1. Quick check on this structure: which one of T64, T75, T82 is in contact with a His (Cβ under 9 Å, 6 or more places away or on another chain) and within 27 Å of T6 (Cα to Cα)?
2. Within region 55-71, count every residue that is polar (S, T, N, Q) and either in a helix (DSSP H, G or I) or touching a strand residue (DSSP E or B) at 6+ places or on another chain (Cβ under 7 Å) (or both).
3. Return yes or no: is A46 over 19 Å from R100 (Cα atoms), part of a helix (DSSP H, G or I) and without any contact (Cβ under 8 Å) to a residue 12 or more places away in the chain?
4. Within region 1-17, restricting attention to residues that are within 20 Å of L29 (Cβ to Cβ) and polar (S, T, N, Q), which residue is modelled with the highest pLDDT?
5. If I ask for residues that are in contact (Cβ under 8 Å) with a residue 12 or more places away in the chain and of a type outside the set (G, A, S), which ones from region 49-66 would you list?
6. Take the conditions of a type in the set (V, I, T), closer than 20 Å to L88 by Cβ and out of contact with any Gly (no Cβ under 6 Å at 6 or more places or on another chain) and apply them to V21. Does it pass?
7. Test of understanding: among R79, R36, which residue is within 16 Å of the chain's Cα centre (by Cα), at negative phi, buried (at least 19 other Cβ atoms within 10 Å of the Cβ) and of a type in the set (K, R)?
8. In region 39-70, what count of residues is obtained for those that are hydrophobic (A, V, I, L, M, F, W, C) and buried (at least 18 other Cβ atoms within 10 Å of the Cβ)?
Amino acid sequence: MSYERTGWTEIRALYDRLYQVQPSPVVLLSRAVATRYVLGPAAGLAEVEALGERLSGYRLFHATRAELLRACGRTAEARAATEQALALATNPAERELLARRLSA
């Protein structure tokens, strides 16, 4: 299967099912990525923004938010979110990826 043929609608529905058995803001964060490809980046961003209080200390919240902001054309906010993700990241590979995004 290619990336372009990914069944995002089905993936999103599977995250809904997962949330029923494992309610967690991280599951909802992952669902928001699928939402981006089903309903568009603004819809995915709205789902991510709703998780802000619960995931403000989680690097992947900020990294996901940055990607969605970038997809919505909100580059200054995307940069700030990437900087926050970088500040929270401890994994060298993640830090390198985030630093490259900031320098691009």
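The values are calculated or read from the model by the stated rules, or taken from the named source; none is laboratory data. Values in this document were obtained by computation on a predicted structure and should not be read as measured data. Virtual Cβ from ideal backbone geometry, glycine too; neighbours counted across all protein chains shown.
1. Residue meeting the stated conditions: T82.
2. 1
3. Yes, satisfied.
4. Across region 1-17, the extreme among qualifying residues is T9.
5. If the condition is that a residue be in contact (Cβ under 8 Å) with a residue 12 or more places away in the chain and of a type outside the set (G, A, S), then E49, L51, R54, L55, Y58, R59, L60, F61, H62, T64, R65 are the ones that fit.
6. It is false that V21 is of a type in the set (V, I, T), closer than 20 Å to L88 by Cβ and out of contact with any Gly (no Cβ under 6 Å at 6 or more places or on another chain).
7. Working: R79 fails: buried (at least 19 other Cβ atoms within 10 Å of the Cβ).
Exactly one residue qualifies, and that residue is R36.
8. Adding up the residues that qualify gives 9.
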